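Peer 1: Pasting in a structure now, in structure tokens, and then I'll have a few things to ask.
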Amino acid sequence: MSVTKRVLASGTVTWRAKVSFERRVIAQKSFTRRVDARRWEADQLAKLDAGSWIDPTRGRITFGALAEEWQASRGHLAVRSQETTRFLLDKYMIPEIGAFPIAAISAADVERAMSGLTARGLATATRRRALSMIRLVFDYAIRDRRLSVNVARMVSLPRGGTKREPHWLRPEQLGRLVMAVPPLCQPVVLFLGTTGCRFSEMAALRVDDVVQTPHGLGVRVHRAATQSKRTSGAVFGPTKTHQTRTVPVPAALDGYVRTRVAATAAGGYLFPSPTGAVWTNTNFRARSGWMEATRAAGVGGRRSTTYGTPPRRCSSRPGRT
């Protein structure tokens, strides 16, 4: 029997209920009536059997402390993803609700925090990311049996303007853009404009990644060199999808790739910067004179990853940005 009688020094009789799981006491509570102790014990055991039992004491952890645990659990993700959530936590969320115990946070508290972000004039995309992050933190708490309900999922994602259709470069536009950048940057623009690779994937390619396929040369895309927001340097890691794929080398770059492979030692970059190092978005933008080049090619001023910034991702179809 896990409900025991206790007589205090004052002579008062109490009933102590204990709930054990895997040979350890996980919850206990005192009652003045035995029937209440047994009822509480039965309720806790039913929740254990259903997998919905929550340790009430663990819900006292603050949102800030829980968010730190959650952030530490994301070490396997890309650096930029970790930096983004770190910034959102430090700048917006922890100042708003960081001191609140997670079990005491209501959907209304989350809505007030989101309203505060709106009042500060933050973009819809930033507010959506912030709410998504709060949801993930609470999901983490549920998996760890600290909470039973994710109140942040009761709050609707902020809505903004209609998302614009992406713009694709036509082959002649891509050709003009390639000719508008300096010769050293032309292979990069042509490769990104015709292969479907992200800028970070292109930057991380080495001559060792060039392979012969039944249809010609290809490159194995299996890593990315992402530019850190904190240090501005390149940080190597897996691709965004954590997958490896082989991308055909465009016919226009066949000669360039063969020359690089023949003239470059193992480990050298396939598309190196002027110093032979890895490209970053910032360096490429400066070296290529990107703003001037897009205007000269007649493709400036449009909302696309190719317009105004170096192309981050391109389609396998010619001209897609």
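Peer 1: Would you be able to tell me the number of residues in the range 41-67 that are without any contact (Cβ under 8 Å) to a residue 12 or more places away in the chain and out of contact with any strand residue (DSSP E or B) (no Cβ under 9 Å at 6 or more places or on another chain)? Steps first, answer last, please.
Peer 2: Just the residues of the range 41-67 that are without any contact (Cβ under 8 Å) to a residue 12 or more places away in the chain, to begin with: 42-43, 46-47, 49-51, 57, 65.
So of that shortlist, the ones also out of contact with any strand residue (DSSP E or B) (no Cβ under 9 Å at 6 or more places or on another chain) come out as 42-43, 46-47, 49-51, 65.
Residues in the range 41-67 being without any contact (Cβ under 8 Å) to a residue 12 or more places away in the chain and out of contact with any strand residue (DSSP E or B) (no Cβ under 9 Å at 6 or more places or on another chain): 8 in total.
Peer 1: Please give the helices (runs of 4 or more DSSP H) falling wholly within the range 217-298 in which 2 or more residues are on the phi > 0 side of the Ramachandran plot and not assigned by TED's automatic domain parsing to the domain that holds Thr85.
Peer 2: none
Peer 1: Right, something else. Could you pull out the residue among Leu177, Leu217 that is under 17 Å from Ala296 (Cβ atoms), in contact (Cβ under 8 Å) with a residue 40 or more places away in the chain, hydrophobic (A, V, I, L, M, F, W, C) and surrounded by 17 or more Cβ atoms within 10 Å (Cβ to Cβ)?
Peer 2: So the residue among Leu177, Leu217 that is under 17 Å from Ala296 (Cβ atoms), in contact (Cβ under 8 Å) with a residue 40 or more places away in the chain, hydrophobic (A, V, I, L, M, F, W, C) and surrounded by 17 or more Cβ atoms within 10 Å (Cβ to Cβ) is Leu177.
Peer 1: Can you run down the residue pairs with Cβ atoms below 8 Å, 6 or more apart or on separate chains, where the first is in the range 83-95 and without any contact (Cβ under 8 Å) to a residue 40 or more places away in the chain and the partner is of a type in the set (Phe, Trp, Tyr)?
Peer 2: Ile94/Phe63
Peer 1: Does the range 154-169 contain at least one residue that is of a type in the set (Lys, Arg) and free of Cβ contacts under 8 Å to residues at least 60 places away in the same chain? Before you say what the answer is, go through the steps one by one.
Peer 2: So in the range 154-169, the residues of a type in the set (Lys, Arg) come out as 159, 163-164.
Filter again for free of Cβ contacts under 8 Å to residues at least 60 places away in the same chain, leaving 159, 163.
Looking through the range 154-169, at least one residue is of a type in the set (Lys, Arg) and free of Cβ contacts under 8 Å to residues at least 60 places away in the same chain.
Peer 1: Residue under question is Ser148, and the condition is that it be at pLDDT below 95, surrounded by 13 or more Cβ atoms within 10 Å (Cβ to Cβ), part of a loop (DSSP other than H, G, I, E, B) and of a type in the set (Gly, Ala, Ser); does it hold?
Peer 2: Criteria met by Ser148.
Peer 1: Every residue in the range 180-195 that is surrounded by fewer than 17 Cβ atoms within 10 Å (Cβ to Cβ), touching a residue at least 12 places away in the same chain (Cβ under 8 Å) and part of a helix (DSSP H, G or I), please. Quick ask: steps written out before the conclusion?
Peer 2: Keep residues of the range 180-195 that are surrounded by fewer than 17 Cβ atoms within 10 Å (Cβ to Cβ), which gives 182-184.
Checking the rest, the ones that are also touching a residue at least 12 places away in the same chain (Cβ under 8 Å) come to 182, 184.
If the condition is that a residue be surrounded by fewer than 17 Cβ atoms within 10 Å (Cβ to Cβ), touching a residue at least 12 places away in the same chain (Cβ under 8 Å) and part of a helix (DSSP H, G or I), then Leu184 is the only one that fits.
Peer 1: Collect the residues in the range 249-264 that are farther than 19 Å from Ala224 by Cβ and touching a helix residue (DSSP H, G or I) at 6+ places or on another chain (Cβ under 8 Å), keeping them in residue-number order.
Peer 2: Pro250, Ala252, Leu253, Tyr256, Arg260, Val261, Thr264
Peer 1: Let me ask you something else. Name the residue that is surrounded by the fewest Cβ atoms within 10 Å (Cβ to Cβ), counting only residues in the range 76-135 that are among the basic types (Lys, Arg) and under 20 Å from Arg230 (Cβ atoms).
Peer 2: Out of the qualifying residues, it is Lys91.
Peer 1: What helices (runs of 4 or more DSSP H) completely inside the range 9-123 contain at least 1 residues that are under 30 Å from Phe236 (Cα atoms)?
Peer 2: Details: elements: 34-50, 63-72, 79-88, 94-97, 107-119.
Those helices (runs of 4 or more DSSP H) span 63-72, 79-88, 94-97.
The values are calculated or read from the model by the stated rules, or taken from the named source; none is laboratory data. Quick caveat, the model's predicted, so the values are computed rather than measured. When we count neighbours, we look across all protein chains shown, and the Cβ atoms used for this are built from the backbone with ideal geometry, even at glycine.
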